[in-house]
Number of protein chains: 4
Amino acid sequence: MPEHRLPTREEVEGYLRDRRNWGRWGADDQVGAVNLITPAKRVQAASLVRSGRSVSLCREFPKTPAGNNLNPAQHFMRLLDRGAGGGAAMDYYGISYHGVATTHLDSLCHVWNKDGMWNGRSPSQEIGFDGAHFGAITNWSSGIITRGVLLDVPRFRGEPFVTQDQPIHGWELEEIAQAEGVKLEAGDALIVYGGREAWDRVNPVWGSGPSRPGLHASCLPFVRDTDVSLLVWDMMDHTPNGYDIPWSVHGVIFAYGVGLVDNALLEPLAQVCAEEGRYEFMLMVLPLNVVGGTGSPLNPVALF
Amino acid sequence: MPEHRLPTREEVEGYLRDRRNWGRWGADDQVGAVNLITPAKRVQAASLVRSGRSVSLCREFPKTPAGNNLNPAQHFMRLLDRGAGGGAAMDYYGISYHGVATTHLDSLCHVWNKDGMWNGRSPSQEIGFDGAHFGAITNWSSGIITRGVLLDVPRFRGEPFVTQDQPIHGWELEEIAQAEGVKLEAGDALIVYGGREAWDRVNPVWGSGPSRPGLHASCLPFVRDTDVSLLVWDMMDHTPNGYDIPWSVHGVIFAYGVGLVDNALLEPLAQVCAEEGRYEFMLMVLPLNVVGGTGSPLNPVALF
Amino acid sequence: MPEHRLPTREEVEGYLRDRRNWGRWGADDQVGAVNLITPAKRVQAASLVRSGRSVSLCREFPKTPAGNNLNPAQHFMRLLDRGAGGGAAMDYYGISYHGVATTHLDSLCHVWNKDGMWNGRSPSQEIGFDGAHFGAITNWSSGIITRGVLLDVPRFRGEPFVTQDQPIHGWELEEIAQAEGVKLEAGDALIVYGGREAWDRVNPVWGSGPSRPGLHASCLPFVRDTDVSLLVWDMMDHTPNGYDIPWSVHGVIFAYGVGLVDNALLEPLAQVCAEEGRYEFMLMVLPLNVVGGTGSPLNPVALF
Amino acid sequence: MPEHRLPTREEVEGYLRDRRNWGRWGADDQVGAVNLITPAKRVQAASLVRSGRSVSLCREFPKTPAGNNLNPAQHFMRLLDRGAGGGAAMDYYGISYHGVATTHLDSLCHVWNKDGMWNGRSPSQEIGFDGAHFGAITNWSSGIITRGVLLDVPRFRGEPFVTQDQPIHGWELEEIAQAEGVKLEAGDALIVYGGREAWDRVNPVWGSGPSRPGLHASCLPFVRDTDVSLLVWDMMDHTPNGYDIPWSVHGVIFAYGVGLVDNALLEPLAQVCAEEGRYEFMLMVLPLNVVGGTGSPLNPVALF
């Protein structure tokens, strides 16, 4: 990819500042680019269902300590005796789902830079000990159901996984979409597969060190230009981002109002896309309705 | 409803014993009636999407102590400083989701009677301190996506909610389906609305005492006869069940392999069904992928 | 007690403002009145040990939901198989220990009024999402070991427990000490028994409603005059405090630098004091060493 | 130490089987060797207090993930607004305290081998999902207060810490006691310092790998012969124990009824012993009163 120039820091900062969607859906809007998913869009998504094959994009609930799971999820059991030989098994789940282990959705309050949170709000005013008062996950509780489009980077590159020295660039996303014969549209969910499982098979588990391969800041204009509502990925931001800024691609949250599904499980989806011969499908992302919550662990499902 | 006779205890025990589905999908099957959701069934469900309207069936994550929420869910916040004015808000969720407060899916290992768990397994062998080894929620991790059919009891009765002295009976479910012009089919999700929100407006919060209105054991044959895959409800089993047995309608889990979505929020769905003029739609129930888990909190969504 | 006048609101505010100990042990001091427990004081405390009888002042870890325990403590079990028939049982404890259910020690960062926290610090600067940066429980991690003096209010009054209409007053504490033949000294732990267990036997569990009997704001000068290091009690502040101020007796934390052991179990201690014929003993209060913690659940023990 | 022979596996198994204290304090006893702490013993302990110096044996509450802390403790904050500028900071603590990170006391139900738990009870009968029904921590809720004796292994050896190839042996404990001029007596707390902090300064944190230095099984007869009530240590069992048995020194729990304080912080105590010129002192170990609990995090304090 020698013909492409890396953006400068000023350009990247411009992506997050000059092109942001603040005010686009009203000064008090807490829904962001998910506003682009109209009822017609959901109908379109459902119309993609032809074979009836469903694929989960959810990793296992991360109970096991690992290099990328320093605060493992909790799972505890209780038994209830109902008498006469009857009973019940119940459990407790506890999880700090942000980070690099859990498949989860980030809501619009999750991150910010010096200019503020989504729509220009101030974190010191909106984030309290009892939760977020603006941009919480409850704003998406009727679900994010839209057309999903998978861009399969390893397949395009002919390599098993994205590497640290070759991050995914915005121009590459364009090329992959073209190669796959799909066109991203407003309200779509953009799903970028980087080959995380393949990476894990021959490397220390992805996310366990200070650096990790992923999407370069050059992807920001692609997200903004395509007007997608959601970015679903397995590898997240190329880290370190190379610009010494707090957030690069994660900035789509506060700049564009785009939701993120972090740590999605995409190897099975990529396999099914190849088998089904298409890279578009119906995607369902259904967060828990947590008042004040900054996101939700969940199980995204693609239906073909 | 004077023309109907209440089943005897022997008849109810027979519903759970003589008519059970053990072995129907193999001796080691852990999927149960969800096997009835074929790819074609999912295509049919998607074909019901016409207006694109989506409705959540999920209550608020129950953080507030209440008479029916004695072990409230936990929500704790953390802040991350990323430097240069950037940051992140993150949270911890902890929940004992079984009981009467949380919208959740029960998996096939959740309950049993003296004859055993689903497919005849023994709870003392299958339930451990680390989770369930049979019938855990992971067996449904590709999602339960099917045709949903709402039976609106308050509308049928012309009353705001089901009362303690008039539980919902199986013959009434048949009558409601007929009145709504829908027919339950194999693999469908049966959704029974009892008017819980209306109840809560004029009574102590539903589920806060030892007795509560809901579905009578006479509903068991209807579930079995229709071959539904899932029962979604807001009021659960009429309690006490009147037969001094550990489980009445909850027995569909171990007897028929039918999943339960407990504590669904159905008032908005009933309203939308009335507005849309139809009681069938696409239903999405997507549980977390917890190894050994006995169920999952989740956000079921209906799409019209 | 007709000869005593209730203090005015201005007088109570003066107790907390004019008589406070800010700066007494240095502007940056985080130890407060516990500074008064010198090595000599600990030797004196140990010299009180004569019969060797030990008494716990700790209630049961509050796992059971109750009217005064709306967020019950968590206790979950795990098993570890070590092979060859060997094993281990382990558990998880989770607790929000502040409130009225758990026996715990409050550290100096726990409460404040408009004038600020202990030593004049600002809560908005010192309390973060990661804990308290000033006055945390770690400052007392070498333990609070001193002479304990029990004032037995029910015995003095000849009634089983303190009632809502007859709160404990400062002049009564003086009279009880005199009647018991003890004199409070600098660095002592003042232990005020109100008869909570007896209350619970004939009333809704103490602390389950908006009002509850306890110590009146008139006790503040007694605490200040005696220069005690610690206040241990079963009934806490008379509530409502009658002055429409955020904190009355709890104000000893931020005004005087005095620690509080809330929800102590004092009925057994009162019984032993009566049997041993003395109201002074060695007291041990040993908090967990939690960086940033606002207090600690613990088991205070009195040794005679 | 060339003159000493390592015990055979048969001898070690004999220590745990032939010399056990089952039945010594009754067939149903749940207190074990703590029975040896008589009131007179507590008076003796208090009589050792001369300088009034107190020393904590408690590590920091382990919130930070580390190689020996794979399930870190939780600490979450909440704020309470009390109006008029008043407020409170409160927190939640959650901890799986067993393992190698937290200073905690093991109760008699914690471990077992093929012969059973303390006093011959069966773990399958006594350990439930709701806790332990025999030998739980509540049996020690009046506190373990006794004479503590520190054996300082690094000082005796003239080396900073115990190493993997030179575990602590029983005969060495005898020699150290003699060199220090102390004699262990019935009911004492035996405290064995291995130099864990010094180890941590030049090695991967103690307890982070499959092997770690500590006390050899040859220490078992010393514990049994001296009739101590408690073993307090920073390095625990030499691991692997070399005999392929589930528990070596940890077996004092089920065989002798001796409590263990694991992961004590002993470097400061050793320093103070040297400064004070004595290795005996008053020790206070005060567990939380958790019904069914297998132990307790706590802050043991030594008073000189």
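The values are calculated or read from the model by the stated rules, or taken from the named source; none is laboratory data. Remember, it's a predicted structure, so these values are computed and weren't measured experimentally. FYI the Cβ positions are ideal-geometry reconstructions off the backbone, even for glycines, and counts take in every protein chain you see. Keep in mind that these areas ignore ligands, DNA and RNA; they rest on the heavy atoms of the full protein, side chains included. Shrake-Rupley method; radii C 1.70, N 1.55, O 1.52, S 1.80 Å.
Just a few scattered comments:
- Debye log10 I(q)/I(0) at q = 0.11 Å⁻¹ for chain D, Cα point scatterers: -0.65
- The GluC sites (Glu not before Pro) of the stretch D:3-98 that meet both conditions, a loop assignment by DSSP and at most 11 other Cβ atoms within 10 Å of the site Cβ, are D:GLU3.
- Gyration tensor analysis over the Cα atoms of the stretch A:1-50 returns equivalent ellipsoid semi-axes of 31, 22, 5 Å (largest first, whole Å).
- Over all pairs of different C-alpha atoms in the stretch C:184-284, the reciprocal of the mean inverse distance, the Kirkwood hydrodynamic radius, equals 14.4 Å.
- Occluded residues from the stretch C:108-122, i.e. those whose accessible area drops by 10 Å² or more once the chain is not alone (1.4 Å probe): C:HIS110, C:TRP112, C:LYS114
- Ellipticity estimate at 222 nm from DSSP helix runs (n ≥ 4, -39,500 (n - 2.57)) divided over chain C, nearest 500: -5500 deg cm²/dmol
- Per residue solvent-accessible surface (Å²) - the stretch C:12-149, probe of 1.4 Å: 34
- Tensor-based shape of the stretch B:240-295 (alpha-carbon gyration tensor, a/c under 1.5 rounded, otherwise prolate or oblate): oblate
- Sorted into 10 angstrom bins from 0, the C-alpha pair distances of the stretch C:10-145 split as 9, 24, 29, 25, 9, 3, 1, 0 percent.
- Derived scalar couplings ³J(HN,Hα) [the stretch A:284-292; Karplus, 6.51 cos²θ - 1.76 cosθ + 1.60; whole Hz; x for Gly, Pro]: 10, 10, 10, x, 4, 9, 9, 4, x
- Ranked from shortest, the separations from the 7 Å Cα-to-Cβ label point of C:ALA40 to its equivalents in the other copies are 3.4, 8.8, 9.5 nm.
- Interface of A with B. Using a 1.4 Å probe and counting protein heavy atoms only, the two chains hide about 5700 Å² of accessible surface, both sides summed.
- For the stretch C:267-304, residues shielded by at least 20 square angstrom of accessible area compared with the chain on its own, probe 1.4 Å: C:MET282, C:MET284, C:LEU286, C:LEU288, C:ASN289, C:VAL290, C:VAL291, C:THR294, C:PRO297, C:ASN299, C:VAL301, C:LEU303
- The C-alpha radius of gyration of the protein assembly as shown, expressed as a fraction of 2.2 N^0.38 Å, stands at 0.99.
- Shielding of A:131-143 by partner chains, average beta-carbon count, 10 Å: 4
- Qualifying chymotrypsin sites (Phe, Trp or Tyr not before Pro) in the stretch B:211-288, DSSP loop, other Cβ atoms within 10 Å at most 14: none
- Accessible surface of chain D, 1.4 Å probe: 49 percent of it comes from carbon and sulfur atoms.
- Solvent exposure of the stretch D:156-268 amounts to 30 Å² per residue of accessible area, where only protein heavy atoms count and the probe is 1.4 Å.
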